[in-house]
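What follows draws every value from the coordinates through simple rules; no lab data is involved. Since this is a predicted model, take the numbers as computed values, not measurements. Please note: Cβ atoms are built from the backbone with ideal geometry, for glycine as well, and neighbour counts cover all protein chains shown.
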Amino acid sequence: MCEHHGADGAKLVDVSKMDRRDLLRGLGAGSAVLLAGCATYENPVTGRGQFIIVDEAQLQQASLSAWQQVRQQTPQWNNAAAQRRLETVGRRIVQAAGRGNQSWEFVLFNSDQKNAFVLPGGQVGFYRGLYEICERDDWMATVLGHEVGHVTGRHAAERYSREIATQTALQVAGTQINSQVAMAALGLGAQVGISLPFSREQEAEADIIGIRYMQSAGYDPRQAIPFWQAMQSGGGSRPPAFLSTHPDPEGRIQRLRNFINEQGWGPV
Ligand SMILES: [Zn+2]
C-alpha cells in the first residue's frame, strides 16, 4: 500500500503527499487520522520492510490495557523459585536482544495451558503448563527468544496495522478500532475468543530471531529441536495452545535444524 522508500537506513519514512491523497481517496473519509503515520518501516533486526501505520504510543497503550485485562482474568502463579528462573532466563534473552534498557515484566499465570505470550510493551506472560514442560533453561530460552523475537520483529504492530487498514477499507469501524480486534491484533485472541494468530512468515521469523538471541545469551541453540519435538508430541490429538496462537508451520523443526547447522552450532 505504501511505497517502500529504499534501504537507506531511514527507520520510518512518511509517504509523499500524493501517495497520501491517493490513499485517502481509496480508503474514504474518516481515516485521515490513521494515515498520519503511514509508512514503510525497515526493521533494523530483520532488514525486512514492514507496513506499519500505528505509532508506538498507540501500541504501548493498547499493550497496557490488554495486559491489565489478562491479569484480571487469569490468576497469577505464585511460585518464587519459578518466578526467579523465568526472570533470570528472560533478562538474559532481552539483554542479548539489545533491549535490556527497555522495561520488561515477566509474569507466571496459573493455568494448564502450554502457552506464552508477549505484548509489544514488553509484558511477558508464561503459563504454568508450559513452564512445567520446560525441563531445561535452554527450553525456556527457546520460548522467550521466540517471544522477544515477535517484539523486535514488530509483529504485533504489523498485524495491528493490517487489521486497521482492512477495517478502514471496509468502513466497518471508522476511526474507532474496537477493543476485541485490538486485543486480537496484539496476539491475545484466545482470551477474547477471536483467533488471529501470527502469520507463518512472522512465526518463521520469530523462530530465527529467537534462536540467535538464545545463542548469544549463552544458551544451547541445539536444544530448540528437542523442545519443539516435545511440544509437538506432548499435545496428543489436541495440540498445545502455543501452537494455536503461534501456528506451527510444518517445516519449523527442519528450518531450525538448517539454520543451526549453517551457523556452525550443530550438527543437529
Ligand atoms: Zn510465535
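I need the peptides 125-135, 140-150, 51-61 ranked by packing, meaning the mean over residues of other C-beta atoms within 10 angstrom, with the highest value on top.
Details: 125-135: 19.5, 140-150: 27.5, 51-61: 16.9.
Peptide ranking by packing, descending: 140-150, 125-135, 51-61.
Name the residues whose placed amide hydrogens come within less than 5 Å of the amide hydrogen of E105, ignoring near sequence neighbours (fewer than 5 apart) on the same chain.
Q123, V124
³J(HN,Hα) across segment 144-156 via Karplus (A = 6.51, B = -1.76, C = 1.60, θ = phi - 60°), whole Hz, x for Gly/Pro?
In residue order, the calculated couplings are 5, x, 4, 5, 5, x, 5, 6, 6, x, 6, 6, 5 Hz.
Give me Rg/Rg_expected for segment 60-174, where Rg uses Cα atoms only and Rg_expected = 2.2 N^0.38 Å with N residues.
Working: Rg = 15.4 Å, N = 115, 2.2 N^0.38 = 13.4 Å.
Scaled against compact globular proteins, the figure is 1.16.
Sticking with the crude label model, points 7 Å out along Cα→Cβ, report the distance from N258 to Q76 in nm, one decimal please.
4.3
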